[in-house]
Amino acid sequence: MKENIPDNPKAMILAAGKGTRLRPLTDSMPKALVQVNGVPLIRKQIEKLKSFGFEDITVNAHHFADMLYEYIRCNTPDGVKIKVSFEKEKLLNTGGALRKATEYLLSDGYNNNVLVHNVDILSNVNLKEFYVNSLPYDAKLLVSDRNSSRRLLFEPATLRLVGWTNLKTGEVLTPFKDLDVRSCKSYSFSGIHVISPQLLKEMCSWPEEFSIIDFYLDKCVDFNIRAEVSTSLKLLDVGKIETLAEADKFERELNL
């Protein structure tokens, strides 16, 4: 197993969403510029990535894309290189965003894993440690046992991805015909994951717009997609008004 982070690792911040759950704030700005403790979410994520050694960053943009681009252009920290992947015509969803951004993520012969982070997720995760742990795999998904009805399913012994379920409706999605859901470990996805260049290249045959979870479920038969379970993970999704109000206290508790 590789023990050290590669030189100049790349990361992507998913920031293109319309932020409908944050209205009326997002009626006049992109979700990525909504502030927590006086600092825009996009700046928090860029600074966090930089602190863990990620200085080559791609950000996707759709809602108020030009406003987000201008903010990034004027506020990029020293030593950080940021590229903006525009989705001006339409939102491409989480998988489609990565597919489009491969022109940046795999440029200049880059052949290492890419860290992917939702812009509206605050957490105490050590991104460098998580990234290093991902290197032997085609993808690694940071998960926890927090309260959520939508769960990813994993093989108990290996924590290899095998499916998805909605606990409220009983719906199950899996490429494995005889999967015993009751025997699986189920966890909530954090919106933080690492994907290999091999899997990124697999996206080229997919449609323009698709979900990264649908992609992982399709590829988990042939690719090694694993969970990293964090029992100490503290995470807050600030993508909605009710949780945004909790963010100040959350950050103080984590000393972010």
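The values are calculated or read from the model by the stated rules, or taken from the named source; none is laboratory data. These figures come from a predicted structure and were not determined experimentally. Every residue, glycine as well, gets a Cβ built from its backbone with ideal geometry; the counts of neighbours run over all protein chains shown. For the accessible areas, the whole protein counts, side chains as well, though only heavy atoms, and no ligand, DNA or RNA atoms are used. Shrake-Rupley method; radii C 1.70, N 1.55, O 1.52, S 1.80 Å.
Odds and ends about this structure:
- For His117, solvent-accessible area (1.4 Å; no DNA, RNA or ligand), Å²: 0 Å²
- Accessible area of Phe52 (1.4 Å probe, protein heavy atoms only, ligands and nucleic acids ignored): about 50 Å².
- Between the amide H of Val162 and those of Leu153, Phe154, Glu155, distances stay under 5 Å, these residues lying 5 or more places away or on another chain, with hydrogens modeled in the peptide plane.
- Gained length - Asn124 relative to Ser51, 0.36 nm times residue gap less alpha-carbon distance: 25.0 nm
- The angle between the Cα long axis of helix 41-51 and the longest principal axis of the Cα atoms of the chain comes to about 70 degrees, rounded to the nearest 10.
- Ordered from largest to smallest accessible area (heavy atoms of protein chains, 1.4 Å probe), the residues Ser211, Ser183 come out as Ser183, Ser211.
- The GNM of the chain, with springs linking C-alpha atoms under 10 angstrom apart, assigns the highest mean-square fluctuation among Asn112, Asn147, Asn124 to Asn147.
- Nearest 10 degrees, 0 to 90: helix 93-105 Cα axis against the chain principal axis: 70 degrees
- Listed by chain and number, the lysines whose alpha-carbon sits under 16 Å from that of Lys10, ignoring those within fewer than 8 places in the same chain, are Lys48, Lys50, Lys81, Lys83, Lys100, Lys128, Lys140, Lys201.
- Per-residue SASA remark: Asp248, around 60 Å² accessible (1.4 Å probe; ligands, DNA and RNA not included).
- A simple charge model with +1 on the Cβ of Lys and Arg, -1 on the Cβ of Asp and Glu and nothing else charged puts the dipole of region 142-214 at about 300 debye relative to its Cα centre.
- In the chain, the longest principal axis of the Cα atoms and the axis of helix 65-75 are about 70 degrees apart.
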